[in-house]
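Working notes, beginning with the structure itself.
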Amino acid sequence: MKRELLSGNEAIARGAYEAGITFASAYPGTPSTEILENVVRYKDDIHCQWGTNEKTAFEEAMGATFTGARVLVAMKHVGLNVAADPLFSSSYLGADGGFIIVSADDPGMHSSQNEQDNRNYAIAAKIPVLEPSDSQEAKDFVIEGIKISEKFNTPVMLRSSTRVSHSRSAVETGERETPPELHYEKDFQKTMLLPVIARKKHIIVEERQKKIKEFSDTFKHNYIIEGKTRIGILASGIAFQNGREIFKDDWFLKVAMPYPFPEELYKKFADKVDKIYVLEENDPIMENFARLITPDKEIIGKDFFPLTGEMTEDVILSKLGKKDLTPEFDTNSIPHRPPSLCPGCPHTATFHNLNIQKVTVTGDIGCYTLGGLPPLNAMDTTIDMGASITAMLGMEKAMAKAGKKLKQAAVIGDSTFFHSGITGLLDLIYNDSKGTVIILDNSITAMTGHQDNPGTGKTLMGDDAPVVDILKLVRDGLGIEHSFEIDGYDVKGIRTLLREELKREKLSVIVVKRVCALLFKKPNWSPTVVDPDKCIKCNLCLKLGCPAITSKDGKAFIVSSLCTGCSVCIQVCPHDAMNHANEDGMHIKDTSLADFFKGGK
Amino acid sequence: MKTIIIAGVGGQGVLTASDLLSDVLLDAGYNVKKSEVHGMSQRGGDVIATIKFGEEVFSPLPAIKNADYILAFEKLEGLRNINFLKNDGAMIVNDFVWEPLPVASGTVEYPDDIEDNLKKYSSDLILIPATDIATELGNVRTTNVLLVGVLASKMDIDKEIWINVVKRKVPPKSIDLNLSAFEKGYSFRA
């Protein structure tokens with residue numbers, strides 16, 4: 001037994017190892033990404049991989065369960081929306097080997113477009129859900145989850161949250177269990193969800209849930225902490241830990257399995273107290289069960305605590321009237337530090353051009369979503385993964401019906417394009433869209449911290465993989481005639497190409513290709529310098545939003561330690577005031593212009 | 001139970017420093033929990049890590065007026081988190097300016113009264129030009145370890161534990177440089 005500090009995600013990975021899991025898949029998404037990045041440490045024992053999206057990752061895991069293997073699939077909360085279809089099927093199909101579905105929710109929306117509570121999915125799909133409150137539980141619940149999964153022939157959801165996944169606490173690690181023997185046998189009744197079979201399975205699923213409900217009452221991780229008062233706290237997840245800081249003398253019912261809810265255990269707890277506070281993040285899941293079981297009990301839940309955001313110690317205390325959160329110093333009075341595209345980001349030149357050409361841009365999810373913020377202001381919409389392309393089609397057709405037309409482009413990254421952009425592009429071809437699709441190909445899944453994808457040539461386990469060439473895919477594969485590839489640093493080239501394609505009454509695709517600036521090694525590059533005699537304070541370079549460009553005495557100034565020498569500002573400056581610091585400085589002319597206009601006609 | 005907050009800008013080594021500190025506290029026999037902010041903050045935004053330690057720790061999250069120590073890697077980030085500091089808490093601030101984008105692009109001014117405000121809200125303030133000292137030592141990237149050294153000098157934990165963890169956590173070829181940065185911080189007197 002070894003005790004070490006692990007993040008919740010590291011602990012989940014460790015749990016996968018110790019539980020004898022042999023297959024793990026995921027699509028990266030904050031706050032879930034590090035789970036598979038750590039499972040890969042055990043790649044000798046566990047096949048681990050990135051799926052192209054959450055649905056493929058989920059289905060691949062299900063295929064593995066058919067063989068009797070123990071499996072884990074991980075995603076962020078909104079990722080489970082993408083994988084919802086196989087999720088519901090998996091409930092009926094059961095799990096021959098244990099099956100853990102990790103959903104990392106994001107209360108407070110640190111890095112997400114919403115804060116949905118995925119325990120609702122567990123209830124809707126009729127599978128049990130476990131909610132760890134620290135790293136030890138994160139590890140233990142993978143192991144327990146596998147046991148529950150195999151015992152009841154059901155997938156088990158592990159609902160983590162940002163604060164569990166991204167906090168560190170001590171974990172006692174153990175040995176790996178020997179994985180079960182695999183034993184695939186063809187069994188039509190077991191693995192085919194035809195209506196005639198599914199009808200029988202639904203009955204089994206309902207029976208199963210009753211049994212798991214009984215189990216929930218005896219599950220050792222659902223437990224009562226005795227108190228000295230007549231006040232009880234019904235709590236789960238990180239809200240339990242936050243509540244423990246406050247309610248020192250009161251009773252607790254710590255719930256590890258909010259669904260199926262431990263009804264009998266709850267009754268015992270409720271008998272001991274007169275008033276119950278429910279501490280759970282986001283939706284009133286446990287609260288609603290509690291209200292049904294003890295309708296006459298005084299229950300303080302989401303009518304009192306906020307439905308939105310995190311259930312922190314401060315939030316609880318301030319709602320209880322025990323702490324005044326009015327800040328002594330008003331931090332809104334000082335400048336914010338918003339995230340921005342990095343120095344040398346290969347997306348900047350594209351957004352700069354979209355901004356000055358006043359294009360309506362349907363956007364997508366990735367680093368490049370930051371292109372919507374000032375000073376680039378070059379994105380109008382964000383819905384979900386892949387929606388840049390499809391939303392553009394909807395706007396275009398609706399406007400066309402009214403006899404109107406917008407100057408429109410869709411902007412999507414390489415990983416997001418693979419994830420769910422390709423199907424949208426098929427819609428554009430099929431429905432005769434005249435739009436322009438810009439695929440920002442930086443050859444990595446950058447936002448979540450540089451994960452490989454079908455365009456990078458490497459797998460999660462470090463093996464070589466074929467590189468999917470996006471230009472070839474759209475031009476030769478899908479037959480889009482007006483397909484182009486251009487260098488992300490070629491400001492004027494992008495400008496010209498955009499101008500022409502936005503005018504064209506035909507669908508076109510522009511692949512803007514240049515590897516992420518954080519990955520690119522730049523041996524010969526020298527930073528850019530500003531000639532103050534030539535700078536006329538037009539501030540055009542500052543509108544790039546490059547963190548390396550600032551101003552000194554009103555004139556542009558480049559922080560050389562940050563500057564990558566990408567040359568975008570050199571090209572943007574209308575007064576020739578910017579240049580590389582020395583002759584060795586690589587200029588845009590020295591790079592291959594990625595076969596400028598190669599694919600176009 | 002005590003709380004330490006480390007705040008700075010993405011890329012300054014805040015998370016590395018917080019890992020180092022967590023290991024020290026664990027080696028010193030405490031229970032430790034740490035929380036941090038990921039995601040968008042990697043793109044030049046502000047970063048904060050919270051470390052809580054003691055006999056028993058439940059929540060890993062920061063709370064207003066609850067921090068015993070705040071270690072700020074940049075002046076503005078120190079001020080941004082000042083409300084977390086206890087009335088008798090200690091504030092260690094790197095005397096270093098990293099202009100956020102709205103300042104760099106001329107939309108707003110970088111405040112010129114940061115020091116006044118830091119002094120107003122913290123009775124125990126250390127301002128140290130850590131970035132300058134680390135640069136003189138030979139590598140600006142040791143700024144974080146230098147600042148951890150200042151914190152170490154204010155805490156009641158055996159110096160050997162700190163040194164062992166620094167040796168363990170930093171890349172082998174930069175151990176000496178980091179140890180001298182730690183010493184500079186440890187022996188710093190304003």
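The values are calculated or read from the model by the stated rules, or taken from the named source; none is laboratory data. Keep in mind it's a predicted model, so treat the numbers as computed, not measured. Cβ sites come from the backbone with ideal geometry, for glycine too, and all protein chains shown count toward neighbours.
Might you let me know whether the range A:183-202 holds any residue that is in contact with a helix residue (DSSP H, G or I) (Cβ under 8 Å, 6 or more places away or on another chain) and within 14 Å of chain B (Cβ to nearest Cβ)? No, because not a single residue in the range A:183-202 is in contact with a helix residue (DSSP H, G or I) (Cβ under 8 Å, 6 or more places away or on another chain) and within 14 Å of chain B (Cβ to nearest Cβ). Of everything in the range A:311-332 that is facing another protein chain (nearest Cβ under 8 Å) and not hydrophobic (A, V, I, L, M, F, W, C), the residue that is nearest to A:Cys516 (Cα to Cα) is A:Thr331.
Candidates A:Ala124, A:Ala104, A:Ala84: the one that is under 23 Å from A:Met286 (Cα atoms), within 14 Å of chain B (Cβ to nearest Cβ) and in contact (Cβ under 8 Å) with a residue 24 or more places away in the chain is A:Ala104. Looking for something more than 14 Å from the chain's Cα centre (by Cα), part of a strand (DSSP E or B), over 22 Å from A:Ser161 (Cα atoms) and modelled with pLDDT of 95 or more - is there at least one such residue anywhere in the range B:61-76? No, the conditions are met nowhere in the range B:61-76. A:Leu473 meets the conditions (1) in contact with a Ser or Thr (Cβ under 8 Å, 6 or more places away or on another chain); (2) assigned to a helix (DSSP H, G or I) in every case but one. The failed one is (1).
What about A:Ile285, is it more than 21 Å from A:Val142 (Cα to Cα), not basic (Lys, Arg) and not assigned by TED's automatic domain parsing to the domain that holds A:Arg163? Yes, satisfied.
Please tell me if A:Ile123 is surrounded by 24 or more Cβ atoms within 10 Å (Cβ to Cβ), in the same structural domain as A:Phe66 (by TED's automatic domain parsing) and not small (Gly, Ala, Ser). Walk me through it before giving the result.
Working: surrounded by 24 or more Cβ atoms within 10 Å (Cβ to Cβ): no; in the same structural domain as A:Phe66 (by TED's automatic domain parsing): yes; not small (Gly, Ala, Ser): yes.
It is false that A:Ile123 is surrounded by 24 or more Cβ atoms within 10 Å (Cβ to Cβ), in the same structural domain as A:Phe66 (by TED's automatic domain parsing) and not small (Gly, Ala, Ser).
Residue check: is A:Thr178 of a type in the set (S, T, N, Q) and surrounded by 13 or more Cβ atoms within 10 Å (Cβ to Cβ)? Spelling it out, it is not the case that A:Thr178 is of a type in the set (S, T, N, Q) and surrounded by 13 or more Cβ atoms within 10 Å (Cβ to Cβ). Counting only helices (runs of 4 or more DSSP H) that sit completely within the range A:129-245, those holding 2 or more residues that are of a type outside the set (S, T, N, Q) and under 28 Å from A:Ala69 (Cα atoms) correspond to A:135-152, A:188-191, A:195-218.
Being surrounded by fewer than 24 Cβ atoms within 10 Å (Cβ to Cβ) and either away from chain B (no Cβ under 14 Å) or modelled with pLDDT under 95 (or both): is that true of A:Gly20 here? Talk me through it step by step, then tell me what you get.
On the way: surrounded by fewer than 24 Cβ atoms within 10 Å (Cβ to Cβ): yes; either away from chain B (no Cβ under 14 Å) or modelled with pLDDT under 95 (or both): yes.
Here the answer is yes, as A:Gly20 does meet what is asked.
Could you please let me know if B:Val140 is modelled with pLDDT of 95 or more and over 22 Å from A:Pro335 (Cβ atoms)? No: the conditions fail for B:Val140. Considering (1) more than 14 Å from chain B (Cβ to nearest Cβ); (2) part of a loop (DSSP other than H, G, I, E, B); (3) surrounded by 14 or more Cβ atoms within 10 Å (Cβ to Cβ); (4) of a type in the set (A, V, I, L, M, F, W, C), the lone condition that A:Leu265 does not fulfil carries the number (2). If you check A:Glu287, A:Glu214, A:Glu207 for being farther than 15 Å from A:Val129 by Cα and surrounded by fewer than 20 Cβ atoms within 10 Å (Cβ to Cβ), only one passes: A:Glu207.
Return a yes/no flag: does the range A:376-387 have any residue that is farther than 25 Å from A:Ser112 by Cβ, surrounded by 19 or more Cβ atoms within 10 Å (Cβ to Cβ) and outside the structural domain of A:Lys543 (by TED's automatic domain parsing).
The answer is no; no qualifying residue exists.
Could you please let me know if A:Gly403 is farther than 16 Å from A:Leu471 by Cα and outside any helix (DSSP H, G or I)? So A:Gly403 passes the test.
For A:Glu59, the requirement of being surrounded by fewer than 22 Cβ atoms within 10 Å (Cβ to Cβ) and among the charged types (D, E, K, R) is met.
The set of residues in the range A:354-376 that are within 14 Å of chain B (Cβ to nearest Cβ), under 17 Å from A:Val572 (Cα atoms) and assigned to a loop (DSSP other than H, G, I, E, B) comprises A:Pro375, A:Leu376.
Cβ separations smaller than 6 Å between residues 6+ apart or across chains give the following pairs from the range B:90-119 residues that are farther than 22 Å from B:Leu146 by Cβ and at the interface with chain A (Cβ under 8 Å from one of its Cβ atoms) to residues that are part of a helix (DSSP H, G or I) and at pLDDT below 95: B:Ser105/A:Leu542; B:Val108/B:Pro102; B:Tyr110/B:Val103.
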